[in-house]
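Reviewing the structure listed below.
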Amino acid sequence: MKLAWAVEIAGTGASVPEQVVTNEDFARRLDTSDEWIVQRTGIRERRIVGPNESTLRLATEAGRGALASAGVTPDQIDLIICATITPEHILPATSCELQHALGCHPVVPAFDLQAACSGFIYGVITAAQYVITGMAHNVLVVGVECLTRITDMEDRSTAVLFGDGAGAAIVRASRDPQRSLLAGRLGTDGSRAMLIWVPAGGSREPASARTVAERLHYMRMRGREVYKFAVTKMEEIIAGTVADAGLTVDDLALVVPHQSNLRIINSACRRLGVPQEKVVINIERYGNTSAASVPVALHEAWEEGRIKPGDYVLLVAIGGGLTWATALLRV
Ligand code: ACO
């Protein structure tokens, strides 16, 4: 959808746990290998939270980073959106705890948003609407996950894929007329909801000794089916979003994709003719961090000087739900 909203990402931040777990670490205790993981996914290592780390801590550190880089103080934040499928607690929302942890005004609205890997981009588009309508001026959007807390570390088909981390951004009215949110797409296909799910711990199957014994609190994924969907959908929504903005793929300076699988990203970008140097890739260091993946990659690209004023930057993600999202920004 064409948006042409005078909204900008004013600053970004990120935080990842210190503990690095390599493919070799997995190969020592599961029937897998560094070769299989690298060839099938592009992942070499991932960050995993320790016993004293959790979602709130990562979100707070990333949030502080975004505030500092935007030159915004906590008391200037007037909305907090936290995208996560691994909240600090089931209740309250992590965004509420985050409001207090960051020292924002204890009246500022805060809510969590659950759209799995697409969550951060859903958050940016939602935040932009608050800004455009004048309901908020400085919105903190965080994408954060401790996915390894819901990953079955005995199941080689998922254990090697996921990691933990947080990324954040400040969304506000643009101070420079050329900066804007040009186009964006949000979508969901609920008929594919059970391709990635956690069977127990919700209202349908509350936690019990049996559900724990049967390992039903861990994520299940039908990887091959998600893969086929993601390859086609990523190509379709990148092309569609660029067209919505009246641009061509060649106009893009940078694509910041969700880091779920290097083969998915490479296949979609190759078919669209986006050269590799225009694509941000960090999956080899972090694995799939769901809602944290796009903002961490965006933050790193900004820090590395890969984004220049006036660039067209496309954020794109596909994930559990199944959900998908894009945001095309002129920065
Ligand atoms: N090591 C060695 N072998 C393995 C491993 C492993 N870690 N995991 C699976 N295998 C085996 C399987 O058992 C299977 O063996 P078989 O042929 O003897 O039955 C074989 O490897 C092939 O398995 P596939 O699942 O078909 O492998 P595929 O090439 O599809 O790769 C993967 C699997 C990496 C999961 C891929 O399907 C994928 O990336 N899917 C998309 C994931 C995604 O985008 N998720 C969305 C976001 S997640 C979220 O929202 C939280």
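The values are calculated or read from the model by the stated rules, or taken from the named source; none is laboratory data. These figures come from a predicted structure and were not determined experimentally. Heads up, the Cβs are rebuilt from the backbone with ideal geometry, glycines too, and the neighbour counts pull from every protein chain shown. All accessible areas refer to the heavy atoms of the entire protein, side chains included, with ligands and DNA or RNA removed. Shrake-Rupley method; radii C 1.70, N 1.55, O 1.52, S 1.80 Å.
Out of Ile283, Ile237, one residue alone is within 16 Å of the ligand (Cβ to nearest atom), modelled with pLDDT of 95 or more and touching a strand residue (DSSP E or B) at 6+ places or on another chain (Cβ under 7 Å). It is Ile237. Which ones in segment 130-149 are touching a residue at least 12 places away in the same chain (Cβ under 8 Å) and open to solvent by 30 Å² or more (accessible area, probe 1.4 Å)? Passing the criteria: Tyr130, Ile132, Met135, His137, Arg149. For segment 16-46, a residue qualifies if it is under 21 Å from the mean Cα position of the chain (by Cα) and part of a loop (DSSP other than H, G, I, E, B), and the qualifying residues are Val16, Pro17, Glu18, Gln19, Gly42, Ile43, Arg44. Based on what the data block shows, is Ile307 over 21 Å from Val141 (Cβ atoms) and touching a residue at least 24 places away in the same chain (Cβ under 8 Å)? It is false that Ile307 is over 21 Å from Val141 (Cβ atoms) and touching a residue at least 24 places away in the same chain (Cβ under 8 Å).
Just wondering, is there one or more residues in segment 58-69 that are open to solvent by 10 Å² or more (accessible area, probe 1.4 Å), among the charged types (D, E, K, R), in a loop (DSSP other than H, G, I, E, B) and farther than 22 Å from Asn288 by Cβ? Within segment 58-69, none of the residues are open to solvent by 10 Å² or more (accessible area, probe 1.4 Å), among the charged types (D, E, K, R), in a loop (DSSP other than H, G, I, E, B) and farther than 22 Å from Asn288 by Cβ.
Scanning segment 81-101 for residues that are under 11 Å from Thr60 (Cβ atoms), crowded, with 23+ Cβ neighbours inside 10 Å and either within 16 Å of the ligand (Cβ to nearest atom) or not hydroxyl-bearing (Ser, Thr, Tyr) (or both) yields Cys82, Glu88, Leu98, Gln99.
Considering (1) touching a residue at least 24 places away in the same chain (Cβ under 8 Å); (2) among the aliphatic types (A, V, I, L, M); (3) surrounded by fewer than 22 Cβ atoms within 10 Å (Cβ to Cβ); (4) not in a loop (DSSP other than H, G, I, E, B), the lone condition that Ala291 does not fulfil carries the number (3).
What tally of residues in segment 113-136 results from selecting those that are among the polar types (S, T, N, Q), within 16 Å of the ligand (Cβ to nearest atom) and not in a loop (DSSP other than H, G, I, E, B)? Qualifying residue count, segment 113-136: 1. Among the residues of segment 152-191, the ones that are away from the ligand (no atom under 13 Å from the Cβ), among the hydrophobic types (A, V, I, L, M, F, W, C) and farther than 21 Å from Ala245 by Cβ come to 3 in all. Exactly one residue out of Gly50, Gly13 is in contact with a His (Cβ under 7 Å, 6 or more places away or on another chain), outside any helix (DSSP H, G or I), among the small types (Gly, Ala, Ser) and more than 13 Å from the ligand (Cβ to nearest atom): that is Gly13.
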